Amino acid sequence: MYESAFGFSGPPFQLNPDPAFYFNSRGHGRALAYLQYGVAQGEGFIVITGEIGAGKTTLVRMLLDGLDRQKVLPAQIVSTQLESGELLQSIITAFGIPSQNNTSKAHLIATLEAFLTALAAQGRHALLVVDEAQNLEPRAVEELRMLSNFQLGNHSLLQSFLVGQPELRRLLESPSMEQLRQRVTASCHLGPLSLEETQAYIEHRLRRVGWTQHPAFGAGAFESLYRWSGGVPRRLNRLANRVLLAAFLDGAEAVSADLIERTAGELRAEIGEGGLEVPIPVVAVAETPVVPAPPVPAAPAMTPSPMLVEQPVLTFIEPPPLVAPAAPEPMAPIASESPAPVVLDAPVTVEADDVEPPAEVEVEIELDAQSQAALMAPRLRSVSDAAVKAARVHAAGRLSRRDSRDKVFCLADSTSGALKFAALAQAMAEQGRSPRMMLVSLGPLPRVWPWSGMGRVLPAMEIGLDLEWSDSDPDASVDKITEGFGHFAEEYKPLAVVSLGSSDAMVACCLAAQQRGLPLIRLEAGERPAPARHGLNATLIEQMSDLLCVASVPSPLRFLARQGTLPERIACVPDQLRTDAVAAVWPEVMTPDRAFLRNGLPMYLGPTWSVNGVNGTPYVLAACSLIGLPIDRALTVVRALAQVHCDGKVIWVVDAPTQAMLVELLAADTYLAERVFVVQGDGLRRAEVRARMDAATVLCREVASLPEQISLLHGANGAVLDAGHALVDVAGLLDLPFVSLESAQSLVSRRNAHGAALDVRALDGDALNAVLVDARAAAAGHPVLVEPANTSGAAAGIAEHLLAWIDTRQQAAMVA
């Protein structure tokens with residue numbers, strides 16, 4: 001609720017562990033260093049203890065994120081009173097080993113040993129993380145010690161992390177644990193933050209979401225936060241979250257010590273600990289990493305770090321969270337904040353009303369393709385709609401119900417436009433006095449902003465509205481957009497509406513804004529990279545707009561001059577936004593083989609797949625969405641991709657709704673099912689799954705990270721991309737050959753250096769191959785760049801023009 005009021009790109013004080021907010025305190029930094037040392041040893045046990053909320057899980061996730069998955073295979077289990085037999089089965093499941101019919105202990109141990117041996121033969125070792133390990137029974141801990149005896153030659157096959165509360169140390173100090181203590185290679189205890197670290201921790205998390213000293217923290221505020229939380233990170237998050245909420249509700253511009261005292265008192269009253277009249281003083285706990293080495297007795301190695309004197313602990317409780325509406329059947333519940341993949345492993349359940357009588361089964365089989373498509377269409381729409389709604393429910397950032405005079409609406413109808421707006425929002429935020437830049441999605445949200453984890457790269461963008469344009473029913477969509485946009489515009493009264501794109505949805509939204517007297521600003525004016533049928537739309541939008549931002553190149557300026565555009569409406573900027581947008585994401589881009597490995601795809605694909613420069617298998621990357629397509633158009637896309645001629649494979653990057661639709665389509669089409677395979681889940685894959693992946697021409701995988709999508713694109717020898725996809729901008733900047741799809745119209749084309757469509761053809765396998773060959777031939781003399789150009793200054797230039805234009809209008813309004 002308070003995030004929008006203070007200009008944050010997201011919640012700064014979530015209780016769930018998030019490595020993106022990792023704070024490198026003295027204790028956490030030393031602990032992480034010792035853990036990295038322990039992992040490098042590749043054997044034995046690593047013990048991590050700490051009080052509840054000290055940051056143990058965040059530390060472990062930070063470590064795991066930095067592991068080289070080509071050398072280490074991690075697995076994690078959460079222990080809740082597991083006995084030895086249950087623990088063994090949990091370990092097998094965590095490593096992705098198929099479930100065993102024979103559940104005898106001897107068989108389970110043999111299965112695990114065989115898996116670990118095969119892993120070691122690949123030059124990798126297994127790392128097991130046991131969270132909440134203080135709940136383990138002594139016999140289960142002894143079982144872990146026995147598993148550490150697995151060896152191949154002189155190398156240990158399994159390394160274990162034991163993560164838990166201080167009770168874990170007391171368990172390991174018992175006389176029966178002498179043999180396990182001798183195998184501990186590193187140990188650390190996480191204590192609370194100091195007063196200075198508490199202030200740095202609060203400011204660190206606020207800066208991660210775009211904090212610009214609003215609200216400010218008054219004298220004594222950080223001391224009060226420290227006294228009431230004891231320096232424990234989770235308590236700090238809980239208290240700081242409530243304090244910011246209270247500041248927002250009170251309309252306060254600063255967080256004072258009195259506000260913190262009042263809020264902490266309210267929390268104390270809520271949890272019913274009336275006997276606690278004062279906050280608990282906390283003494284810092286020293287982190288004591290210990291590295292024992294035989295034959296030194298191991299008991300001192302497990303000596304716990306100094307502990308706090310046991311006192312009653314004041315625990316704060318958050319207000320009840322808002323419950324997001326559940327995604328409709330048959331989608332599985334989604335637990336992550338970002339749009340999550342839709343996995344349909346189980347057979348499709350058909351309702352009783354949809355089941356054909358037995359006597360009509362043969363008639364159904366004999367239906368022609370058109371009739372079968374008509375019968376399947378409702379089911380396919382249901383699956384797609386469910387996935388789209390699930391993604392929308394879990395999208396980060398929503399407009400709060402408050403006055404929005406400080407907001408600017410950013411209209412985007414493609415991932416390319418959305419990414420450019422994110423770069424612009426970041427440039428605006430760096431100006432220090434930026435209004436809130438709210439992304440308004442004109443298409444289904446997964447087609448405009450399908451990525452997760454973007455707050456780390458471009459934290460200033462906030463997803464606000466999803467107006468749900470549908471290409472299959474434009475008339476109804478126009479009414480829906482006009483009504484929906486009008487409702488939000490009346491409620492929030494934005495300072496201006498900025499457009500980027502020229503679809504029918506964009507025209508409808510701009511008309512709705514003009515009817516309500518909202519100022520219109522057009523980005524990339526005068527450019528016509530869109531399909532020719534959108535040229536009239538772009539001209540109409542430019543004529544409605546009050547300000548036109550134009551790249552300082554001759555072509556768009558001449559075009560606007562021919563239209564009779566007045567010079568005072570034009571603001572020239574250094575270059576196109578795509579350069580700045582891609583440059584902002586590029587630091588997160590990795591090598592193609594690493595991106596394949598992270599997404600469970602064959603790592604032998606790409607130009608090279610090892611540090612020794614071994615030649616990989618070439619591939620074509622496809623990024624096409626099926627959302628909103630009728631079944632015949634969707635099948636046209638799938639069949640065309642299945643017929644692409646290449647020496648290797650087609651890697652098809654999909655969104656969650658498209659993945660769900662593909663599962664349905666492939667289940668009904670044997671021909672496509674032999675050539676197209678949807679890769680789902682992570683971990684070890686069964687032999688039959690690997691065989692199907694090897695045999696398939698097209699491998700489909702949901703990749704929710706834009707940097708990872710770019711990494712896969714960078715290693716391809718060609719690409720098939722939706723018109724308007726952000727990867728089109730990347731491919732253009734890298735000089736990588738690609739063709740453009742307009743799936744709603746079943747068209748394929750290639751683009752020239754200015755983005756204009758060339759050689760437009762009706763989409764089928766032959767046309768797609770012909771256009772792809774032409775695109776490669778046109779790019780033959782231009783090798784793919786190692787990286788794109790640095791920032792061009794376009795985002796900063798547009799930001800300056802926008803702020804000056806907004807200031808001028810506001811001053812004129814005050815005079816009037």
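There is at least one residue in the stretch 164-186 that is over 29 Å from the mean Cα position of the chain (by Cα), surrounded by fewer than 17 Cβ atoms within 10 Å (Cβ to Cβ) and closer than 20 Å to Ile77 by Cα.
Of the helices (runs of 4 or more DSSP H) that lie entirely inside the stretch 553-609, those containing 2 or more residues that are surrounded by fewer than 21 Cβ atoms within 10 Å (Cβ to Cβ), out of contact with any strand residue (DSSP E or B) (no Cβ under 6 Å at 6 or more places or on another chain) and at pLDDT 85 or above span 577-585.
Looking at Ile260, Ile271, just one residue is modelled with pLDDT of 50 or more and either open to solvent by less than 20 Å² (accessible area, probe 1.4 Å) or under 28 Å from Gly38 (Cβ atoms) (or both), and that residue is Ile260.
Annotation note: of Arg170, Arg183, Arg235, the sole residue that is within 30 Å of Leu147 (Cβ to Cβ) and in contact with a Phe, Trp or Tyr (Cβ under 8 Å, 6 or more places away or on another chain) is Arg183.
Scanning the stretch 36-52 for residues that are surrounded by fewer than 21 Cβ atoms within 10 Å (Cβ to Cβ) and touching a residue at least 40 places away in the same chain (Cβ under 8 Å) returns Tyr37, Gln41, Gly42, Glu43, Gly44, Ile52. Residues of the stretch 231-265 that are among the charged types (D, E, K, R) and under 16 Å from Arg205 (Cα atoms): Arg234, Arg235, Arg238, Arg242. There is at least one residue in the stretch 160-180 that is assigned to a loop (DSSP other than H, G, I, E, B) and touching a strand residue (DSSP E or B) at 6+ places or on another chain (Cβ under 6 Å).
Within the stretch 115-131, not a single residue is in contact (Cβ under 8 Å) with a residue 24 or more places away in the chain, over 24 Å from Arg30 (Cα atoms) and over 35 Å from the mean Cα position of the chain (by Cα). Against the conditions (1) part of a loop (DSSP other than H, G, I, E, B); (2) open to solvent by less than 20 Å² (accessible area, probe 1.4 Å); (3) of a type outside the set (Val, Ile, Thr); (4) over 16 Å from Leu236 (Cα atoms), Trp211 satisfies every one except (2).
The set of residues in the stretch 178-224 that are among the hydroxyl-bearing types (Ser, Thr, Tyr) and farther than 30 Å from Arg139 by Cβ comprises Ser194, Thr198, Tyr201, Thr212, Ser224. Which members of the stretch 708-732 meet the condition of being among the hydrophobic types (A, V, I, L, M, F, W, C) and at pLDDT below 90? Listed by number, the list holds a single entry, Ala723. Per this entry, Leu157 is not counted among residues that are under 33 Å from the mean Cα position of the chain (by Cα), open to solvent by less than 20 Å² (accessible area, probe 1.4 Å) and at pLDDT below 85.
Scanning the stretch 225-257 for residues that are among the polar types (S, T, N, Q), closer than 20 Å to Glu197 by Cβ and over 30 Å from the mean Cα position of the chain (by Cα) turns up just one, Ser229.
I want to confirm something. Restricting to the stretch 450-504 and keeping residues that are β-branched (Val, Ile, Thr), open to solvent by less than 20 Å² (accessible area, probe 1.4 Å) and over 26 Å from the mean Cα position of the chain (by Cα), which single residue is modelled with the highest pLDDT? That would be Val497.
The values are calculated or read from the model by the stated rules, or taken from the named source; none is laboratory data. Worth saying up front: this structure is predicted, and the values here are computed from it rather than measured. No Cβ is skipped: glycine too gets one built from the backbone with ideal geometry, and neighbour counts run over all protein chains shown. What goes into the accessible areas is simple: the full protein's heavy atoms, side chains included, and nothing from ligands, DNA or RNA. Shrake-Rupley method; radii C 1.70, N 1.55, O 1.52, S 1.80 Å.
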